[in-house]
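A.B. asks: Input: one structure, supplied below.
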Amino acid sequence: MRSPQRIVCAAAALLAVPLTGRALTPDDLQPVAALATPAARSGTLEPAFEALFDGTSFAGWDGDTARTWRIVDNAIVGGSLDETVPHNEFLATTREFGDFVLKVQFKLLGTEGLINAGVQVRSQRVPGHHEMVGYQLDLGDPAWWGSLYDESRRNRVLAQSDMAVVSRVLRRGDWNDYEIRCDGRRIVAVINGAQTIDYTEPDAAMPQRGRIALQVHGGGKAQVWYRQIRVRPLP
């Protein structure tokens, strides 16, 4: 029996090929079938973007993969819904990045305590410690979604998102798209197509290069999922 996907592809190809009376060839079907592949639907074929996560391994990343971080269904999962996360944990790229566009899908779940997570950019690990220092694009209620926090450095919100805007597009407990653009001293964040912050760093001494990292916050029974992590360097 032919799969529904192949039937749809064949039907689409019939519409796409001129009515010349000739038989369809594999070359006719291939471009239309490509549109139905998971990679094409997920956006991983975007020009100039590089996948940072291969969906099956922690290659290119470091962190507590023995207890905190694992891979489930082609996603990186951190934390637990059964046990309180004892402290902040970060899974970080082994490479550093300066100016770039980062895209990642996230899903944040939780049952009690502080349900919070975030994406670090231009950051570094604190030697001999579980913490990281640098910019964090935050996640979590009541008003962290899409805000910019300075993790373990100035320890304050640098740019606050407008929750009236974020709440209109945010899918709590489900998958969401995060797009983060770091260009010079400017950082812009977008969740599900809605811009949350546009921040320009006033302190020229702040490093504008570092590692990208995924965070699960300590203090709650929280679980965060990340997938389709890809980056496009900017000239």
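A.B. asks: Rounded to two decimals, what ratio of Rg to Rh does region 184-235 give with C-alpha atoms and a Kirkwood Rh?
C.D. replies: 1.01
A.B. asks: Using a 1.4 Å probe on the protein heavy atoms only, what accessible surface does residue 53 show? Give it in Å² to the nearest 10.
C.D. replies: Its accessible surface works out to 20 Å², give or take rounding.
A.B. asks: OK, next. Counting only the heavy atoms of the protein chains, how much of residue 46 is accessible to a 1.4 Å probe, in Å² to the nearest 10?
C.D. replies: 40 Å²
A.B. asks: Also: Between 163, 128, 219, whose Cα lies farthest towards the positive end of the dipole of region 94-235 when Lys and Arg beta carbons carry +1 and Asp and Glu beta carbons carry -1, centred on the Cα centre?
C.D. replies: Farthest towards the positive pole: 128.
A.B. asks: Using the Cα centre as the reference, give the magnitude of the dipole from point charges on the C-beta atoms of region 119-226 (Lys, Arg: +1; Asp, Glu: -1; all else neutral), rounded to the nearest 20 debye.
C.D. replies: The dipole of region 119-226 has a size of about 220 debye.
A.B. asks: Using the Cα centre of region 38-137 as the reference point, and only Cβ charges (+1 on K/R, -1 on D/E), how large is the resulting charge dipole? Debye, rounded to the nearest 20.
C.D. replies: 180 debye
A.B. asks: With a ≥ b ≥ c the root eigenvalues of the C-alpha gyration tensor of region 44-176, is it rounded (a/c under 1.5), prolate (a/b larger than b/c) or oblate?
C.D. replies: Rounded shape, in that the Cα axes give a/c under 1.5.
A.B. asks: Considering only protein heavy atoms, what is the solvent-accessible area of residue 82 at a probe of 1.4 Å, reported in Å² to the nearest 10?
C.D. replies: Residue 82 exposes around 130 Å² with every protein chain in place.
The values are calculated or read from the model by the stated rules, or taken from the named source; none is laboratory data. Since the structure is predicted, the reported quantities are computational estimates derived from the model, not experimental observations. Note: ideal-geometry Cβ built from the backbone for every residue, glycine included; neighbour counts use all protein chains shown. In case anyone asks, the SASA skips ligands and DNA or RNA and just uses the protein heavy atoms, side chains included. Shrake-Rupley method; radii C 1.70, N 1.55, O 1.52, S 1.80 Å.
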